[in-house]
1. If I take every Cα pair under 8 Å that is 6 or more residues apart in segment 139-214, average their sequence separation and divide by the length, what percent do I get for the relative contact order?
2. Through the Karplus equation 6.51 cos²θ - 1.76 cosθ + 1.60, θ set to phi - 60°, convert the phi angles of segment 130-135 into ³J(HN,Hα) values in whole Hz; use x for Gly and Pro.
3. If one takes the longest principal axis of the Cα atoms in the chain, at what angle in degrees, from 0 to 90 and to the nearest 10, does the Cα axis of helix 208-222 lie?
4. Can you classify segment 58-182 as rounded, prolate or oblate using the Cα gyration tensor, where a ≥ b ≥ c are the square roots of its eigenvalues, rounded means a/c under 1.5, and otherwise it's prolate if a/b beats b/c and oblate if not?
5. On each of the three principal axes of the Cα atoms of the chain, give max minus min coordinate, whole Å, ordered largest first.
6. Can you give me the P(r) profile for segment 1-137? Cα pairs, bins 5 angstrom wide beginning at 0, each as a whole percent.
7. If a/c stays under 1.5 just call it rounded; otherwise compare a/b with b/c (prolate if a/b is bigger, oblate if not). Do that for segment 139-214, with a ≥ b ≥ c from the square roots of the Cα gyration tensor eigenvalues.
8. What are the equivalent ellipsoid semi-axes of segment 140-275, built from the alpha-carbon gyration tensor (square roots of five times its eigenvalues), in whole angstrom, biggest first?
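No lab work stands behind these numbers, since they all come straight from the coordinates. Just so it is clear, the model here is predicted, and its values are computed rather than measured. In this analysis, Cβ positions are derived from the backbone assuming ideal geometry, glycine residues included, and neighbour counts consider all displayed protein chains.
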Amino acid sequence: MTGLEISELKPRIGSEVKADPESLTSGAFAAELRALLIDRGVLVFRDLDITLEEQRNFTATLGRLRTGDGDGLQKVTLDARESPEYAAYFPNTFFWHTDGHYNQTMPCLGATMRPARLPPEGGETEFLNTYAAYDDLPEEDKAFIDRLRVVHTRYASNSAAYPDASEEQAAGWRLAPPATQPLVWAHESGRKSLMLGISVSHVEGMHPADSYDLLGRLRTHMAQPQFVYTHAWRMNDLVVWNNTGTMHRVRPFDPGSGRLLNRFTLDGEEPIRAP
C-alpha cells in the first residue's frame with residue numbers, strides 16, 4: 001500500500017482509514033491524518049495488526065505524547081487489579097464527557113485506543129461531534145449561548161454515575177470546589193464547539209429553572225444521531241479521537257467481563273477560550 005484509503009463512517013463524524021502499519025508508525029502520513037482527525041473527530045483503523053509499542057509510536061506521530069512517569073500507557077478498564085485509579089473513575093465514563101478534569105485550561109488533544117480484551121456484548125464507545133452540534137444550532141441560539149459560562153462540579157458528575165450514593169459520599173463530592181468554563185469553546189481555527197459534558201451543573205448567573213431548561217434542550221440537540229458515531233469494537237481495531245472537538249462515552253457492559261483497552265494520550269495544545 002502506498003497511500004491512505006479513506007471513507008466516511010457518517011456524514012457529520014468519523015472516517016475509516018486503511019494504511020499499512022509501517023507507514024503509520026513512520027509518520028509518513030502524520031500531517032494528513034492529523035488534519036483529518038481535527039476535521040472528522042474520529043479515525044477508525046480496522047484489522048490493524050500492530051504491537052503496543054507500535055501503537056505508542058503511531059500516537060507520537062500525531063502530537064506530543066503524554067508519558068507522565070512511564071511510557072504513557074493507560075489501561076482503560078473496570079478491573080481495579082489492572083488499573084486501580086482508572087477503575088475508580090470508570091463509572092463516570094458512561095456519560096458524555098471530554099477527557100480531563102473539569103477545571104482544566106488545556107484539554108488533551110486526543111488519544112488512541114486499542115482493545116486487549118472485549119466483552120461478549122456491549123461496551124461500545126460513542127463519539128459526539130461537538131463542532132457539528134454547535135454549527136447546526138439556530139443563529140439566535142448561538143448568539144445567546146456564546147456569552148454564557150457554566151459551572152462544573154464533582155457532585156454533578158458523580159451523582160449521575162452513583163445515583164444511590166450515601167449522604168456521606170455526596171457530602172464529600174460537595175467539598176470539591178466548582179469551576180466555571182465557557183459553554184462554547186472558540187477555537188484558534190475559528191470553529192466553535194459545545195462544552196456540555198456530565199460535569200456541567202448549571203449556567204452561571206441564570207435562574208435555576210431557565211438553566212435547567214436550556215441545558216436540557218442543548219443536550220437533547222447535541223445527542224441527535226447525525227452527530228454521533230457508535231464504535232462496535234473488534235480485536236485489532238485502533239481508534240483515534242479528537243478530544244477538543246468531540247465528547248465520548250462507553251455503553252454498558254458486564255463489569256465482570258474483563259474489558260480492557262490500551263490507550264495513549266496526546267498532550268493539549270490549545271487553551272479553552274470563550275467567544
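1. It rounds to 40 percent for segment 139-214.
2. Along segment 130-135, the couplings run 6, 5, 4, 4, 5, 4 Hz.
3. Roughly 20 degrees between the two axes.
4. Oblate is the answer for segment 58-182, as a/c is 1.5 or above yet b/c matches or exceeds a/b.
5. The Cα atoms of the chain stretch 58, 44, 34 Å along their principal axes.
6. Distribution as computed: 2, 8, 15, 21, 21, 18, 11, 4, 1 percent.
7. Prolate is the answer for segment 139-214, as a/c is 1.5 or above and a/b outweighs b/c.
8. The equivalent ellipsoid of segment 140-275 has semi-axes of 27, 23, 15 Å.
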